[in-house]
Amino acid sequence: MKYLITGLFTAVFLTTTAQSEQRIVVGHALSPASHYGVGAQAFIDKLTEVSDGAFVGEQAPAGQLGGERDMIEGLQIGSMDVVITSTGPLGNFVPEVFALDLPFLFRDYDHARKTLDGEIGQELLAKIGENDLVGLAWSENGFRHVTNSQRPVRTPADLNGLKLRTMENKVHMTAFSGMGASPTPMAFPELFTALQQGVVDGQENPVTVITASKFWEVQNYVSLTGHVYSPAVVLASPSLIDGLSDEQKDWFMQASVASAAATRAEVNRLEEAGVALLRENGMEVITDIDKAPFADLARASYSVYIDEYGTEMVDRIIAVK
Ligand code: EAX
């Protein structure tokens, strides 16, 4: 009898707890062990901690709920809660964000992080907020490099005729056309199979993504072109955020800041350890790359942004010290 009562009490208690807590799903395109996975878990842990268990959460990793474009659409219609995504497809929703996708714009990680953590980052988060999305915090994907299955790429001439998967981003596509490749836009969840089946010869992504996705299984060469910085951003659905009190909104902000910090720390770690990991897994890593000829040819892509918005934002980004 004693056990029965205890059991009954526990059951009632659990039911009550379950009813009062709100469950948040954090979607992203990569594996749970990736820099996004680490960031998603940090988001969930912080949110649960600061809300004293009022919010709990789980990851929907590896594009389980769709590619990055699909997940952003999900935020707009309220079928997704929180998404950690690269800016790859974001310019299709918030064209001002294309400024961040321009090749050879950011000098290094420090420059990119200072820009995103400062006034410019805040302005662009606000722009995101005008498009049925909530921009919570800038996170990070990393500087992108070209991989392929055919040959070592050292000069733009080596890109000639390579079928290269790009993100669904017209700045990147124009840049790669300019550099001589044949860009093929594709959602990330389709990429591994496309590389495996030879639908495309190559792709470009940061060391973080190449390692998390084990692209060495389907790619032989990686060239450290660092041709563009790839920001990531923690986004939420307005239908979720608009229903929260100011205190609850603050919990989501704290969770986002913790998430971005955890992701950047993982990017740092992989920037140190990643190249060795690529070599250990059989990739030939080409490091002696003269970036100037790539940058000259990629320059054509600036018009995608500048024709619409002028040069002011680009000049402001370059001026960030
Ligand atoms: O955000 O699509 C891409 O290549 C992205 O870099 C990847 O999904 C991580």
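Using Cα centres only, tell me the gap between the stretch 205-233 and the stretch 79-98 in whole Å. So the two Cα centres are separated by 20 Å. Cross-link partners of LYS321 among lysines, defined as those whose alpha carbon lies under 22 angstrom from its own and excluding same-chain residues fewer than eight positions apart: LYS114, LYS291. Fewest neighbouring Cβ atoms within 10 Å first, the residues SER20, SER256, SER182 line up as SER20, SER182, SER256.
Pair-distance distribution of the stretch 20-319: all C-alpha pairs, bin width 20 Å, starting at 0; shares per bin in whole percent are 36, 57, 7, 0. Out of every Cα-Cα pair that the stretch 86-203 contains, those further apart than 24 angstrom amount to 33 percent.
Computed from label points 7 Å out along Cα-Cβ, the spacing between ARG299 and ILE318 is 1.0 nm.
By the Stokes-Einstein formula, at 0.890 mPa s and 25 °C, the stretch 198-321 with its Kirkwood radius over alpha-carbon pairs has D equal to 135 µm²/s. Phi angles across the stretch 210-221 convert, under the Karplus curve 6.51 cos²θ - 1.76 cosθ + 1.60 with θ = phi - 60°, into 3J(HN,Hα) values of 4, 6, 4, 9, 6, 5, 4, 5, 10, 9, 9, 10 Hz, Gly and Pro given as x.
Per-residue extension of 0.36 nm, minus the Cα-Cα distance of ASP290 and GLN196, leaves a gain of 30.9 nm for this segment. Between the amide H of GLY57 and those of ILE24, distances stay under 5 Å, these residues lying 5 or more places away or on another chain, with hydrogens modeled in the peptide plane.
FYI, it's all coordinate maths here, none of it is from the lab. Here the structure is a predicted model, which is why all the values come from computation and not from measurement. Counting neighbours? That spans all protein chains shown, and the Cβs are built from the backbone with ideal geometry, glycine included.
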